[in-house]
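The values are calculated or read from the model by the stated rules, or taken from the named source; none is laboratory data. All figures in this text were calculated on a predicted structure; none of them were measured in a lab. Cβ placement follows ideal geometry from the backbone for every residue including glycine, while neighbour counts extend to all protein chains displayed.
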Amino acid sequence: MVAILPLLDAILQHLTLVFTSLAIGICLATPLAILSVFYKRVSYLVLTTINMAQSIPSFALVAIIVPLVGIGFLPGIVAIVLGSIVPIVKNMYVGLAKTDAELIDTGKGMGLTDFQIVRYVRLPLAYPAIFAGLKFSAIIANGIAVLTAIIGSGGLGRIIFEGLASFNINKTLSGAIPAILIALSLDIIFSMAEKKLKSKSVY
Amino acid sequence: MTNIIDTIISVWITHQITLRTIQHLYMFSIALIISILIGVTLAILVYSNPKLANVWFNVLNVIETIPELALFIFLLPILGLGEKPTIAACVLYSILPIMRNSYTGLAYVSNEYVEIAKAIGLTKNEILLKIRLPMALPLISSGIRVAVVYIMGIVTLGGLIAAGGLGVPLQAGIYRYDIPAIIIGALWVGTLGVIFDFIAWIIENRLARRFNPW
């Protein structure tokens with residue numbers, strides 16, 4: 001068995017990995033999605049790249065980070081961001097681009113600038129789609145965060161890998177069960193947020 | 001240039017990448033076939049009963065959120081190390097996309113067609129086989145495409161629990177800091193993933209054009 005304190009430490013590290021990557025993912029995805037809404041060529045480029053990136057196995061992604069960035073916490077973050085950014089960008093783009101044209105015309109008629117239309121018309125209407133993407137992304141991030149322990153990012157994955165190496169089932173389980181509980185609670189939390197936003201944004 | 005080719009060849013031989021690729025595709029195809037069979041069968045069983053379908057989807061949704069590696073750990077005591085838990089994990093993950101799409105395709109066939117079929121005297125089973133199933137094919141295949149991507153990813157992870165496949169050179173590369181092995185392994189796995197996704201996309205498009213009634 002693993003002592004309780006190191007386990008708590010690992011959980012904390014795991015959550016740091018997941019949420020830091022999510023935050024970075026959101027910061028990177030937002031400009032990409034907004035640019036894609038306005039420029040056809042950018043959207044084509046972004047969507048093609050993203051669709052291809054989606055079909056690359058996450059383990060390959062984690063492995064290729066080693067020669068490119070190195071090992072440790074930061075490379076782990078890079079791997080998680082690369083692996084989990086796809087649903088954020090995709091859903092944000094779809095949500096922003098598929099706004100009712102009538103509403104945008106109304107906004108223009110009222111004299112809103114392009115920025116204001118994005119901020120006050122497109123974005124609020126896209127919230128449900130964006131949150132669905134975030135939820136999916138959080139779950140993927142959690143999965144890859146377990147995996148990045150193999151490149152030294154720490155977290156719950158480290159306990160799992162140590163257990164696997166020594167064939168200590170109890171140890172692997174003590175890493176795996178918290179990881180599953182975190183996944184389930186992420187799912188529940190984001191679903192609740194999604195529901196709240198949905199009831200607010202229906203017009 | 002010759003240097004690069006030499007490195008590629010030596011990595012290819014020392015890490016037995018041909019053999020690993022065969023193992024990889026072997027597990028991949030078995031997992032894909034099993035999950036298609038289970039997914040489509042389940043959808044056929046529940047397509048006329050939305051409540052039962054919802055129960056299934058909730059259960060499968062929970063499995064979907066579990067990290068792949070953690071799922072492996074849970075399968076280890078039951079199935080041991082190697083190919084079996086890998087294939088089982090692939091199947092558990094990819095039933096949901098296949099079943100959800102098949103269910104949507106089967107259950108939401110436009111009522112007109114079903115009414116016409118009833119009017120010319122087809123039984124429920126005939127309607128399923130001759131109307132619902134062909135019209136659901138495009139959706140089923142897009143579910144299978146999602147499953148193809150999942151299975152590719154999980155089979156690669158199988159390398160970590162001694163299942164063989166292309167995860168092995170990646171793992172060895174990471175542990176020994178063997179950079180050429182990592183780069184070649186990762187690029188090869190990535191390319192395979194993209195190629196299979198592309199093939200699935202072509203099939204999906206063909207079926208959509210052939211069976212799209214709109």
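Observations on the structure shown:
- Restricting segment B:17-52 to residues that are touching a residue at least 60 places away in the same chain (Cβ under 8 Å) and not hydrophobic (A, V, I, L, M, F, W, C) leaves a set whose member that is nearest to B:Leu157 (Cα to Cα) is B:His24.
- When the criteria are applied in full, A:Val62 meets the requirement of being under 22 Å from the mean Cα position of the chain (by Cα) and surrounded by 22 or more Cβ atoms within 10 Å (Cβ to Cβ).
- Taking the numbered list (1) among the β-branched types (Val, Ile, Thr); (2) within 15 Å of the chain's Cα centre (by Cα); (3) away from every other protein chain (no Cβ under 14 Å) in turn, B:Ile44 passes all entries but (2).
- Within segment B:140-162, being farther than 22 Å from A:Ile65 by Cα and within 17 Å of the chain's Cα centre (by Cα) holds for B:Ile140, B:Ser141, B:Ser142, B:Gly143, B:Ile144, B:Arg145, B:Val146, B:Ala147, B:Val148.
- Qualifying positions in segment B:59-69 - over 16 Å from the mean Cα position of the chain (by Cα) and more than 11 Å from chain A (Cβ to nearest Cβ): B:Val59
- Among the candidates A:Ser21, A:Ser84, the residue that is crowded, with 19+ Cβ neighbours inside 10 Å, within 13 Å of chain B (Cβ to nearest Cβ) and either in contact with a helix residue (DSSP H, G or I) (Cβ under 6 Å, 6 or more places away or on another chain) or modelled with pLDDT under 90 (or both) is uniquely A:Ser84.
- Scanning segment A:147-181 for residues that are at the interface with chain B (Cβ under 8 Å from one of its Cβ atoms), without any contact (Cβ under 8 Å) to a residue 40 or more places away in the chain and either surrounded by 24 or more Cβ atoms within 10 Å (Cβ to Cβ) or hydroxyl-bearing (Ser, Thr, Tyr) (or both) turns up A:Ile160, A:Thr172, A:Ala176.
- Single unsatisfied condition, B:Trp56 versus (1) surrounded by fewer than 23 Cβ atoms within 10 Å (Cβ to Cβ); (2) closer than 20 Å to B:Ser142 by Cβ; (3) within 16 Å of the chain's Cα centre (by Cα): (3)
- Restricting the first member to segment B:151-164 and to residues that are more than 8 Å from chain A (Cβ to nearest Cβ) and surrounded by fewer than 24 Cβ atoms within 10 Å (Cβ to Cβ), and the second to residues that are aromatic (Phe, Trp, Tyr) and part of a helix (DSSP H, G or I), no beta-carbon pair is closer than 6 Å while six or more apart or on different chains.
- Any chance A:Pro67 is without any contact (Cβ under 8 Å) to a residue 24 or more places away in the chain and either assigned to a helix (DSSP H, G or I) or not aliphatic (A, V, I, L, M) (or both): yes
- Qualifying positions in segment A:1-14 - touching a helix residue (DSSP H, G or I) at 6+ places or on another chain (Cβ under 7 Å) and either surrounded by 12 or more Cβ atoms within 10 Å (Cβ to Cβ) or over 22 Å from A:Ile177 (Cβ atoms) (or both): A:Val2, A:Leu7, A:Ala10, A:Ile11, A:His14
- Just one of the listed residues (B:Thr156, B:Thr191) is in contact with a Phe, Trp or Tyr (Cβ under 7 Å, 6 or more places away or on another chain), at negative phi and modelled with pLDDT of 90 or more, and it is B:Thr156.
- Condition check for B:Leu92: within 14 Å of chain A (Cβ to nearest Cβ), part of a helix (DSSP H, G or I) and free of Cβ contacts under 8 Å to residues at least 40 places away in the same chain: yes
- Some residue of segment B:84-98 being surrounded by fewer than 20 Cβ atoms within 10 Å (Cβ to Cβ) and at pLDDT below 90: no
- Output for segment B:104-146, where each listed residue is surrounded by fewer than 16 Cβ atoms within 10 Å (Cβ to Cβ) and part of a loop (DSSP other than H, G, I, E, B): B:Tyr108, B:Ser110, B:Ile120, B:Gly121, B:Thr123
- Candidates A:Gly111, A:Gly72: the one that is at positive phi, loosely packed, with under 15 Cβ neighbours inside 10 Å and in contact (Cβ under 8 Å) with a residue 60 or more places away in the chain is A:Gly72.
- Those residues of segment B:165-214 which are outside any helix (DSSP H, G or I), within 9 Å of chain A (Cβ to nearest Cβ) and either in contact with a His (Cβ under 8 Å, 6 or more places away or on another chain) or surrounded by 17 or more Cβ atoms within 10 Å (Cβ to Cβ) (or both), in sequence order: B:Leu166
- Residue count for segment A:117-146 satisfying the condition of being farther than 22 Å from A:Lys90 by Cβ and at the interface with another protein chain (Cβ under 9 Å from one of its Cβ atoms): 1.
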